[in-house]
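Here is the structure we will look at.
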Amino acid sequence: MVSLRENQFYIGGEWQEFADIIHLPVVDPASEEVVGHIAAGDAHHVDQAVAAAREAFPAFSQSSVSERLALLGRMHSLLLERSDLFADTLVKEMGAAITFARASQVPFAAEHIRVQMEVLEKYRFLTVDQHTATAKEAIGVCALITPWNWPLYQITAKVAPAIAAGCTIVLKPSELSPYSALLFAELMHDAGIPAGVFNLVNGTGESVGGALASHPDVDMISITGSTRAGVLVAQAAAPTVKRVVQELGGKSPNILLDDADFREAVAKGVLAGMRNVGQSCSAPTRMLVPAHRLGEVEGLASATARAIRVGAPLDPLTDMGPIANRAQFERVQIMIQAGIDDGAKLLCGGLGRPAGLNRGFFTQPTIFSEVTSDMRIAREEIFGPVISIIPYKDEDEAIAIANDTV
């Protein structure tokens, strides 16, 4: 059904088709070929979606907990039923290895819904403390902006709690990996979502995201994305004093203390940093290790990275597919070059695609050692399969290094 939605947005409980609309290409990162297009919305479409959400809010915010639990339960069941379809779509739109999509991307997304049901069952919307009663109410219309790196997972992470609280929603998924969001909108329709409670408008951050952030009838905006995008959303949201929730970039440290089991900790650290091709804001990409054990760590880390099988994402033997889009692929290559130029010790990987792969946004799992905190690869988020090993002399220095980021 996704291919039939190229001119459509889900607004007010139905798929609405718009003529004379701009289209954006969707590229398969494994082949670099355009596999379809999506409609690119603007402020006009945002106005319609927000109006539908605003109209639906009074009734939905007063719905019973049991009604919302039943809705979440139907969403959860449908997601599990359609898990293979979602996994295949994630492969096509962002290059996730099929085994990873089936084992992590889709099940973790389903877990957001299931856990939200557990929370809702026990949540106290009204508490009374002697002479004071505190009522917790739905915020209102929530604009949800989701990224391309965990497309379905981030949608359920935002939609499920909004539904549980009784809020209405306008979702803007990433235009770079939009198909799983279209499938999710179909799922919401089939789950019996009341008209206007869930709405979807595709488009760019500048156009749709900006219109949502500044819209006076949006009560809260939640964005997961780059720090640059987060700043723009916060600035646009300020004049209407709406609630702003952000999950932005990261440069997480992973401190290995001297008494750790290094055979286990180093391998797990490398794999955690390179999970989802390193495209996670929480990826522990700075590995801090005792200076006197640097050589040991280098050997263990290199062996782990070299064992990662990079290749066609539909091959069940593949561990790591391509970077999700061309812009990010080029960004990772620039940062690997920066590591080389700054004098870091390249242990494995490096520039260009892995051997035998001549097309697609495939990147070599790369590890640098002898990295210092003034190097770009230690300070800037790379968002690719690149680990920086940083030696420290004692725990106080390790903590100082860990905290020494913007």
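What to note about this one:
- Highest-first arrangement of 44-51, 116-123, where packing means the average Cβ count within 10 Å: 44-51, 116-123
- Amide N of the range 355-381 lying under 17 Å from the label point, which is placed 7 angstrom from the Cα of residue 342 along Cα→Cβ: 366-381
- Partner lysines for residue 242 [C-alpha distance under 20 Å; skip if fewer than 8 residues away on the same chain]: 136, 158, 172
- The spacing between the range 235-294 and the range 89-158, judged by their C-alpha centroids, is 21 Å.
- Of the residues 155, 21, 255, the one that moves most in a GNM of the chain with alpha-carbon contacts below 10 Å is 21.
- Counted charge near residue 284, where neighbours are those whose Cβ lies closer than 11 Å (Asp, Glu -1; Lys, Arg +1): +4
- Averaged over residues, the count of other Cβ atoms within 10 Å places the peptides 25-32, 12-19 in the sequence 25-32, 12-19, highest first.
- For the range 53-184, relative contact order (Cα pairs under 8 Å, six or more residues apart, normalised by length) works out to 34 percent.
- Fraction in percent of alpha-carbon pairs per bin - 20 Å, the chain: 26, 52, 21, 0
- Net charge dipole size for the chain [Lys, Arg +1 and Asp, Glu -1 on Cβ; Debye, nearest 20]: 200 debye
- Applying 1/(1 + (r/R0)^6) with R0 = 30 Å to the Cβ-Cβ distance of residue 35 and residue 238 gives a FRET efficiency near 0.20.
- Counting only Cβ charges, +1 for Lys and Arg and -1 for Asp and Glu, the dipole size of the range 347-406 around its Cα centre is about 620 debye.
- Considering only the chain, percent of DSSP beta bridges that pair antiparallel, nearest 5: 40 percent
- Once the chain from residue 355 to residue 296 is taken as fully extended at 0.36 nm per residue, the excess over their C-alpha distance is 18.6 nm.
- Most fluctuating residue given options 126, 212, 314, as computed from a GNM of the chain linking Cα atoms under 10 Å: 126
- Using the Cβ of residue 61 as centre and a radius below 14 Å, the other residues enclosed give a net charge of -1, where K and R count +1 and D and E count -1.
- Most mobile of 352, 250, 295 in a GNM of the chain (Cα contacts under 10 Å): 295
- Surface/4 estimate of mean projected area, convex hull on alpha-carbon atoms of the range 298-406, nm²: 7.6 nm²
- When each of the peptides 129-136, 81-88, 166-173 is scored by how many other beta carbons lie within 10 Å of its residues on average, the order from highest to lowest is 166-173, 81-88, 129-136.
- Summarising the label geometry, the points placed 7 Å from Cα in the beta-carbon direction at residue 64 and residue 334 lie 5.6 nm from one another.
- Residue among 337, 188, 237 farthest towards the positive dipole end of the chain, charges placed on Cβ: 188
- Within the shell defined by Cβ-Cβ distances under 14 Å, the residues around residue 127 carry a net charge of +1, with Lys and Arg each +1 and Asp and Glu each -1.
- Contour excess over end-to-end distance, with Cα ends at residue 372 and residue 227 and 0.36 nm allotted per residue: 49.9 nm
- Helix 262-274 axis, angle to the chain major axis (alpha carbon atoms, nearest 10°): 50 degrees
- Our summary gives the range 2-247 a relative contact order of 27 percent, counting only alpha carbon pairs under 8 angstrom and 6 or more residues apart.
- For residue 257 and residue 306, the difference between the fully extended length at 0.36 nm per residue and the C-alpha to C-alpha distance is 15.2 nm.
- Rounded FRET efficiency, nearest 0.05, which uses the C-beta distance separating residue 44 from residue 134 and R0 of 30 Å: 0.15
- FRET efficiency, 1/(1 + (r/R0)^6) with R0 45 Å, evaluated for residue 127 and residue 268 via beta carbons: 0.65
FYI, it's all coordinate maths here, none of it is from the lab. This one's a predicted model, so the numbers in the text were calculated from it and none came from an experiment. Methodologically, a virtual Cβ is constructed for each residue, glycine included, from the backbone with ideal geometry; neighbour enumeration extends over all protein chains shown.
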